[in-house]
Amino acid sequence: MASLSVKGQVRLGVLVSGRGSNLQSIIDASHAGHIDAIVAIVISDVADAFALDRARTHNIEAAFVDPKLFEAREGFDAAIIDLLRKRDVDLVCLAGFMRLLSPLLVREYRNRIMNIHPALLPAFPGLHVQRKALKHGVKFSGCTVHFVDEETDTGPIIIQAVVPVLEDDTDESLSARILTYEHQIYPKAIQLFAEGRLEVRGRRVFCHGMPASEQDEKRNWGVINP
Ligand code: GRF
């Protein structure tokens, strides 16, 4: 399969439900010229999501789509697809978007939807991630940027960052440690996409255009050696 390249600046559609700190890191990276991408539209399923305010502050179109207006997920997703198409979005970024996507949306943007998850997938998918990690007693956790497929948090992994889990960690302290790395790896994954370096083969993502040793290094951005 050919790499997932896009000519010119990548147009992002960012889907959010909450505070939007990952959205902010993407906007900041775009403004700083660290990614060859612009946020074309931010869409939320929550009317008063702070992420929408962040978008407006930067004069980015902020749209609320009310899930209550639709009987089924497909209807909601069709409305999202319509907005994304009209804004010529190349890559959809889920950034704290708390709704499951229907196959309709996944099919429309196959290998063009990324998600950030605050754990080292495939460990601890879904919700209450830090609680699960602490309860399980893992010594390391982290975050994962992956392409989205039809299941929850199962798609091909693009980048991960690792952080240690400390004895006295709480949900909050572990979340905060992981979040700083989320803000680094999401823009990097977007830039790899923008450079046309990513290729999905089966459930693996290959990163083209750099030597193997550098590739390993790049893949492990953010790894902390304890
Ligand atoms: C992040 O921890 C992300 O990994 C998860 O939801 C949270 C969203 O945070 N999917 P924010 O809204 O980007 O601040």
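Here, each number is a calculation from the coordinates, and none is a lab measurement. Nothing here was measured: the structure is a model prediction, and the numbers come from that model. Ideal geometry is used to build each Cβ from the backbone, glycine not excepted, and the neighbour counts take in all protein chains shown.
Some observations on this one:
- Taking the Cα centre of the chain as reference, the dipole from Cβ charges on Lys and Arg (+1) and Asp and Glu (-1) amounts to some 360 debye.
- Per-residue ellipticity at 222 nm from helix content only, as computed over the chain with -39500 (n - 2.57) for each DSSP H run of at least four residues, stands at -10500 deg cm²/dmol.
- Each Cα pair under 8 Å and six or more residues apart adds its separation to the average, and for the stretch 107-205 the resulting relative contact order is 28 percent.
- Per-residue 3J(HN,Hα) values for the stretch 195-204, derived from phi via the Karplus relation 6.51 cos²θ - 1.76 cosθ + 1.60 with θ = phi - 60°, read 7, x, 8, 8, 9, 9, 10, x, 9, 9 Hz in sequence order (x marks Gly and Pro).
- Listed residue (16, 147, 65) projecting farthest to the positive dipole end of the chain, Cβ model: 147
- Listed peptides 15-22, 140-147, 160-167 by packing density, highest first (mean Cβ within 10 Å): 140-147, 15-22, 160-167
- Share of pairwise Cα separations in the stretch 30-166, more than 23 Å, in percent: 41 percent
- In sequence order, calculated HN-Hα J values of the stretch 148-153 (Karplus, 6.51, -1.76, 1.60; Hz; x Gly/Pro): 9, 10, 6, 9, 8, 6
- Under 28 Å between alpha carbons - lysine pairs in the chain that sit 8 or more apart or on different chains: 9
- Loop-located trypsin sites (Lys or Arg not before Pro) in the stretch 132-195, at most 12 other Cβ atoms within 10 Å (DSSP): 139
- Put the Cα centre of the stretch 103-139 next to the Cα centre of the stretch 158-208 and the gap is 11 Å.
- Calculated diffusion of the stretch 95-191, Stokes-Einstein form, Kirkwood radius summed over Cα pairs, 37 °C and 0.692 mPa s, µm²/s: 239 µm²/s
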